[in-house]
Amino acid sequence: MHIYVVNTDISSEFFLKFNEQLTNTNNRVFDWKIDENELKWDASFEYISKISYARLLLPDLLPHLKRVLYLDCDIVVTDNLDRLFEISLEGNPIGMAIDWFYFNTKDNRYNSGVMLIDCELWREKGYVEGIKKEVDKRLKNNLKADDQSVVNGFFNYTHIFELSTDYNAAYGSDILAFSEEIKEKFTAHNSAKIIHFTGPYKPSASKSFMRGRQKWWDFYFMSVNEALQLYVSQQIKKQVLVYTRTENMRGIVELAQAFPKINFLIMAPTEVSLKVLKLNQHPNVFVKANVIAKYYDYSNIKAILMLGEEGSTYEESQYFNEIGLPILTYRDLAYKDIIYEYQADGIADLIAAIKEKYS
C-alpha cells in the first residue's frame with residue numbers, strides 16, 4: 001500500500017518515523033510536497049482549509065499513477081478497499097458517493113471526501129486545467145468555489161460514476177438531519193467500508209456525541225505496529241485449502257499468481273514429492289504433508305479446492321460437505337453426489353469464481 005500525503009508544510013520527521021516502522025514491508029508513506037501558491041481558497045466554509053484544493057490537482061501532482069483514491073482526513077476505513085482499484089468507472093473520470101445533504105440537487109450532489117480518480121483520463125482530457133478555470137470563473141462570479149462545489153460543477157451528473165454510500169458513509173452531519181427520509185436513506189450504514197465524519201462536528205471534540213466516535217478513537221490510538229499486526233491477522237483469515245492426493249494439481253500456479261493476497265494451503269494425507277514442495281517458492285503457497293483431514297483446524301479456511309487429477313478424494317469431500325466447507329473443483333473432476341460451491345469449466349472460469357466469492 002502506498003499512501004501519499006500531499007502537503008505544504010508537514011515536517012520530514014513525521015514521515016521518517018512512519019517509514020522506519022514500515023521497514024521490511026511493502027508499505028510506504030510518501031511526503032508529497034507542493035507549492036502553496038498552487039492552491040485557491042474560498043472562505044465560505046471556515047472549517048475547510050485551502051489544502052482541500054490539492055485533491056483536484058492529484059492527477060498532475062502524481063503523474064506516475066493510473067488511479068488514485070482520495071480520502072479526507074476525517075475518515076475511518078473499516079474494510080478492504082481493493083475493489084475500488086478494480087471496478088470500472090464506465091468511462092467516467094471520477095467516482096463519488098452521494099452527499100446526504102445535497103442528494104436531491106444537481107450542482108452539488110456528490111461528496112468530495114472520497115474520490116476515485118482515473119488519473120490517465122484526467123491527463124488525457126486536461127481536466128486539471130479545466131478545473132482551475134472553473135475555480136477562477138466561480139470566484140469571479142461570486143459563486144461557491146469550495147472544492148466540492150467545483151468538482152460537482154465541472155463534471156456534473158453526466159461524468160461522475162456513482163459509488164455506493166458504503167464507500168462514503170456520512171457520520172456526524174446526520175445529527176443535523178431533520179427529515180426522516182434523509183435519515184433512512186443515509187444513516188443505516190451497517191456495511192460501511194469508509195466512515196466519513198462529515199460537517200463541522202468531529203469525533204475528537206470533547207462534547208461530540210455522534211455515532212462511530214469510539215471507532216475513531218480506537219484508530220487514533222492505534223500504533224503503526226498494531227496496524228501491521230491487524231493486517232497480518234486479517235491476511236491469515238484469507239486462506240484457501242487445496243486438498244490433494246497427487247502432485248498434478250491443475251492450475252495451482254495460475255491461482256497463486258492471480259491471487260497474491262490469498263494464502264493457498266496445499267494439504268496432503270501422505271508424503272509429497274519435490275514437485276509439490278517446490279510450490280513453496282511462491283510467497284502465498286504453503287505445503288502441509290501427512291495431515292489427516294478430520295483432525296485439521298479449518299477455522300480460518302474460506303474454501304476447499306479439489307484440483308488433483310489423480311487419486312480419490314471422495315471420502316474427504318464427503319467430510320467437507322458434512323462440516324459445511326464450500327468446495328470448488330473442475331467439472332470433469334467432480335463426484336456426482338458431492339455438493340460443490342462451484343464446478344469450473346477451466347482455470348479462467350475458476351479464477352473468476354474465486355475472485356467473485358473469496359478475494
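Residues checked against (1) modelled with pLDDT under 85; (2) within 15 Å of Asp147 (Cβ to Cβ):
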| residue | (1), (2) |
| --- | --- |
| Thr8 | no, no |
| Ser12 | yes, no |
| Asp42 | yes, yes |
| Lys50 | yes, yes |
| Leu69 | no, no |
| Asp82 | no, no |
| Phe85 | no, no |
| Leu89 | no, no |
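The combined condition, being in contact with a strand residue (DSSP E or B) (Cβ under 7 Å, 6 or more places away or on another chain) and more than 19 Å from Glu316 (Cβ to Cβ), is not fulfilled by Lys261. For region 112-153, name all the residues that are among the acidic types (Asp, Glu) and at pLDDT 90 or above. Across region 112-153, the qualifying residues are Asp118, Glu120, Glu124, Glu129. With the structure loaded, tell me whether Asn321 is over 26 Å from the mean Cα position of the chain (by Cα) and within 30 Å of Arg28 (Cα to Cα) or whether it fails that test. Here the answer is no, as Asn321 does not meet what is asked.
The strands (runs of 3 or more DSSP E) found wholly in region 24-122 and carrying at least 1 residues that are outside the structural domain of Pro203 (by TED's automatic domain parsing), β-branched (Val, Ile, Thr) and under 30 Å from Tyr220 (Cβ atoms) occupy 28-33. Restricting attention to region 156-178, the residues being farther than 18 Å from Thr105 by Cβ, at pLDDT below 85 and hydrophobic (A, V, I, L, M, F, W, C) number 1. In region 126-136, is there at least one residue being more than 13 Å from Leu163 (Cβ to Cβ), in contact (Cβ under 8 Å) with a residue 40 or more places away in the chain and part of a loop (DSSP other than H, G, I, E, B)? No.
Looking at region 262-285 only, could you name the residues that are within 27 Å of Lys355 (Cβ to Cβ) and surrounded by fewer than 16 Cβ atoms within 10 Å (Cβ to Cβ)?
Just the residues of region 262-285 that are within 27 Å of Lys355 (Cβ to Cβ), to begin with: 262-268, 275-276, 278-285.
Passing the criteria: Lys275, Lys278, Asn280, Gln281, His282, Pro283.
Of everything in region 231-261 that is of a type in the set (Val, Ile, Thr) and at pLDDT 90 or above, the residue that is farthest from Lys275 (Cα to Cα) is Val240.
The values are calculated or read from the model by the stated rules, or taken from the named source; none is laboratory data. Everything numeric in this text was worked out from a predicted model, so none of it was measured. Every residue, glycine as well, gets a Cβ built from its backbone with ideal geometry; the counts of neighbours run over all protein chains shown.
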